[in-house]
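The values are calculated or read from the model by the stated rules, or taken from the named source; none is laboratory data. Remember, it's a predicted structure, so these values are computed and weren't measured experimentally. A quick note on method: Cβ atoms are made from the backbone with ideal geometry, for glycine too, and the neighbour counts reach across all protein chains shown.
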Ligand code: PFF
């Protein structure tokens, strides 16, 4: 006999879990390097626009599909539109979950390793040599990746309420507190005004670069966990009567705030030490340890706090990635949550090994980029926007206006018609335009 499907214990449990999914490596590691490479403020402005014009409607759309169908990312489409091809969005979502978590687990492992280093006194010597030496190893980074995946598997294994919800209720407040403390400290280091100029003073030239649009939109999808059914899956554990619009607004506002404050942790410290914000993906693993070292004794503590923060943020997102695939296989097989979680988690770990090895141990490249970097750009900048596009088209063009309003919980709102218009036209056109222009320039 089939067991009753799980549900969240409370509305705030859901909001904190969804926020945990949104706030992750994307807000700290990915945001800081994408912004550093995208010219700072130009990237930030386009990113904020993408969050508002695309992120908000896409999140509501995922929520409305999930809450309406009460099932996983693939079945949801089949339930509403049987005998049609829309479920491809769900298939892409489950695939994206495998792909993203495979490399996400590698970086989560790096973060755990750094946490451990700062717990035992910090990194001595040249931080760049340390990083390159560590990630270029064969076994060590894979072991840390395994540890990170084991923690992720452990939480998802315990289920929606006892695992995901409970851990998010603990992690999110701690994360917020640590982040604010770190930003307060970083702003005293002397680089605050340069950081503000870099983040907030528009640099008009960068607006002419189509790549900046693509990477800013990709960042919006990635950081809000959109386009692959993670938010759909989480909202499928909601009571069908539960409100959606205010939850989406809270999650988006807090995720954006989290990214901005992370910028206020990283960039003031960076400028205070005269370092380069366009350092790339190694920014938080090379540049920040340099700064922690220069701070002397207190630097070890600051470094420890930072990597506790980064590891927790990564973990609360990783569980949502795993849950997308687990929810699907729980329904598809009769193995039950525990077995499914173990198997899927270990398969994803194995898929991540090439990403880890591509960082120096072996020469694994796609289109000239190391495998991990390729997976990161491919999923974030291409797969997620494409998945989001299919979902908005599905809701915008196959649901009636009444359904769009009702299932999105927008019926009572004055901006209801604007939402329908955005779902039908603004969001799909914007996503398509940025994708096409970005790809043509690739
Ligand atoms: N939003 C997460 C982050 O910013 O790190 C990453 C992520 C989680 C992306 C879940 C997609 C997803 F479905």
Spans of helices (runs of 4 or more DSSP H) in region 213-299 with at least 1 residues under 19 Å from the mean Cα position of the chain (by Cα): 230-235, 245-272
Single unsatisfied condition, residue 102 versus (1) in contact with a helix residue (DSSP H, G or I) (Cβ under 6 Å, 6 or more places away or on another chain); (2) under 16 Å from residue 389 (Cβ atoms); (3) touching a residue at least 24 places away in the same chain (Cβ under 8 Å): (2)
Residues of region 374-417 classified as out of contact with any helix residue (DSSP H, G or I) (no Cβ under 6 Å at 6 or more places or on another chain) and either away from the ligand (no atom under 16 Å from the Cβ) or not in a helix (DSSP H, G or I) (or both), total: 14
Single condition residue 303 does not satisfy, out of (1) part of a helix (DSSP H, G or I); (2) surrounded by fewer than 20 Cβ atoms within 10 Å (Cβ to Cβ); (3) in contact with a helix residue (DSSP H, G or I) (Cβ under 8 Å, 6 or more places away or on another chain): (2)
Failed criterion for residue 31 (all others in (1) at pLDDT below 95; (2) more than 20 Å from residue 317 (Cα to Cα) hold): (2)
Test: residue in region 177-199 that is surrounded by 21 or more Cβ atoms within 10 Å (Cβ to Cβ), modelled with pLDDT under 95, within 30 Å of residue 432 (Cα to Cα) and in contact with a helix residue (DSSP H, G or I) (Cβ under 9 Å, 6 or more places away or on another chain): yes
Residues (surrounded by fewer than 19 Cβ atoms within 10 Å (Cβ to Cβ) and touching a residue at least 24 places away in the same chain (Cβ under 8 Å)) located in region 246-259: 249, 250, 254
Selection count where residues are away from the ligand (no atom under 16 Å from the Cβ) and either buried (at least 19 other Cβ atoms within 10 Å of the Cβ) or not in a helix (DSSP H, G or I) (or both), scope region 319-340: 6
